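Asker: Have a look at the structure that comes next, please.
The values are calculated or read from the model by the stated rules, or taken from the named source; none is laboratory data. Here the structure is a predicted model, which is why all the values come from computation and not from measurement. All Cβ positions, glycine included, derive from the backbone under ideal geometry; neighbour counts span all protein chains shown. Keep in mind that these areas ignore ligands, DNA and RNA; they rest on the heavy atoms of the full protein, side chains included. Shrake-Rupley method; radii C 1.70, N 1.55, O 1.52, S 1.80 Å.
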Amino acid sequence: MAEGSTIDAGEVAKFEAMAAEWWDPTGKFKPLHMMNPIRLDYIVAQIAAEFDRDPAAPRPFDGLRLLDIGCGGGLLSEPMARLGAQVTGADAAPRNIPVAQVHAEQAGLDIDYRHTTAEDLAVAGERFDVVLNMEVVEHVADPLAYLTACQTLLKPGGLMLCSTINRNPKSFALAIFGAEWVMRWLPKGTHEWSKFITPDELYALIAQAGLTPVDRKGFVFNPLSWRWSISDTDLSVNYVTASVKPEA
């Protein structure tokens with residue numbers, strides 16, 4: 001890995017231990033499977049708006065190069081490839097990559113999966129139209145350095161979508177106590193509450209990294225309907241941001 005990497009080895013080990021379960025909708029990644037449809041709705045809408053694409057077209061993202069950083073088993077990489085994007089999926093946990101590669105091959109999808117980091121890709125001169133940075137920033141050792149690497153990876157006019165978890169008593173109650181201790185959707189210790197980032201903190205970090213924040217929304221879980229939805233106002237637990245790299 002590149003010198004100065006923001007990778008937290010302990011965080012990587014947690015997800016590597018769960019690698020084989022990525023595509024099990026009832027396993028340890030059940031929360032992501034449940035949330036994935038609204039994540040995709042947001043991602044598709046933002047990319048379509050930024051690059052003036054028709055999401056109803058057969059392959060609306062043809063010609064766009066997209067990086068899914070922290071790709072895991074490919075839950076976002078695969079639908080992006082189906083929409084026509086040229087997808088690179090990167091993950092710091094080596095065991096995730098063969099899981100993602102095999103699943104993509106079985107689905108007939110051509111995705112460039114790599115065991116690497118944002119920093120290494122940036123040093124190598126890789127550049128993308130879109131960077132998906134979903135549920136990663138709360139697991140890195142240095143969020144600003146990591147987001148700066150993501151900024152470097154974007155072409156001028158490029159779009160970064162970054163989601164994470166707010167830091168407040170409600171997020172502890174739901175994301176840690178509820179999801180890890182009560183529902184046991186995730187192993188205990190998957191998240192560290194102290195690493196959660198508030199929306200204002202994330203906006204400030206994104207701006208410091210050289211990007212312009214343009215949107216943020218909440219991902220809200222309703223325990224009565226057992227469904228997720230996108231909210232304009234409720235960013236109290238899970239939330240997502242969109243930011244762009246200024247034109248040169």
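Asker: Among Arg53, Arg227, Arg95, what's the order by accessible area (1.4 angstrom probe), most exposed first?
Answerer: Arg227, Arg95, Arg53
Asker: Now, a different point. Can you sort Thr116, Thr148 by 1.4 Å-probe accessible area, starting with the largest?
Answerer: Sorted descending by solvent-accessible area, the residues read Thr148, Thr116.
Asker: Moving on to the next point. Full extension from Asn168 to Ala9: what is 0.36 nm times the residue separation minus their Cα-Cα distance, to one decimal in nm? Let's see the in-between values first.
Answerer: Values: separation 159, 0.36 × 159 = 57.24 nm, distance 2.54 nm.
Additional length available on full extension: 54.7 nm.
Asker: Work out the P(r) tail for the range 33-76: percent of alpha carbon pairs separated by more than 12 Å, whole number.
Answerer: 66
Asker: Moving on to the next point. Can you send over the solvent-accessible area of Ile111, 1.4 Å probe, protein chains only, in Å² to the nearest 10?
Answerer: The accessible area comes out at roughly 20 Å².
Asker: Another one. Leaving out ligands, DNA and RNA, what percent of the accessible area of the range 69-135 is carbon and sulfur, probe 1.4 Å? If you can, show how the numbers build up before the last one.
Answerer: Numbers: 1090 of 2300 Å².
The computed percentage sits at 47.
Asker: Each label point is 7 Å from the Cα along the Cα-to-Cβ direction; what then is the distance between the points at Leu144 and Glu105, in nm?
Answerer: 4.4
Asker: Which one, Gly84, Gly74, Gly125, is farthest towards the positive end of the dipole of the range 67-158 when Lys and Arg carry +1 and Asp and Glu -1 on their Cβ?
Answerer: Gly84
Asker: Could you tell me whether the range 120-167 comes out rounded, prolate or oblate from its Cα gyration tensor? Rule is a ≥ b ≥ c as square roots of the eigenvalues, rounded for a/c under 1.5, then prolate if a/b exceeds b/c, otherwise oblate. Could the numbers behind the result be given before it?
Answerer: On the way: a/c = 2.60, a/b = 1.52, b/c = 1.71.
Note, shape of the range 120-167 comes out oblate.
Asker: Given the whole protein assembly as supplied and a 1.4 Å probe, what does the accessible area of Arg82 come to in Å², nearest 10?
Answerer: Rounded to the nearest 10, the figure is 130 Å².
Asker: Rounded to the nearest 10 Å², what accessible area does Asp234 show when all protein chains are kept and the probe is 1.4 Å?
Answerer: Per-residue accessible area (Asp234): approximately 50 Å².
Asker: So if I take the centroid of the Cα atoms in the range 75-101 and the same for the range 134-166, what is the distance between those two points in Å?
Answerer: 17
Asker: Next question, about the same structure. D for the range 7-137, whole µm²/s, Stokes-Einstein with Kirkwood Rh over alpha-carbon pairs at 4 °C and 1.567 mPa s: what number?
Answerer: 86
Asker: Could you sort Glu138, Glu21 by accessible area so the largest value comes first, with the probe set to 1.4 Å?
Answerer: The ordering from most to least exposed comes out as Glu21, Glu138.
Asker: Still on this model: Accessible area per residue of the range 42-85 at 1.4 Å probe, in Å²?
Answerer: 36
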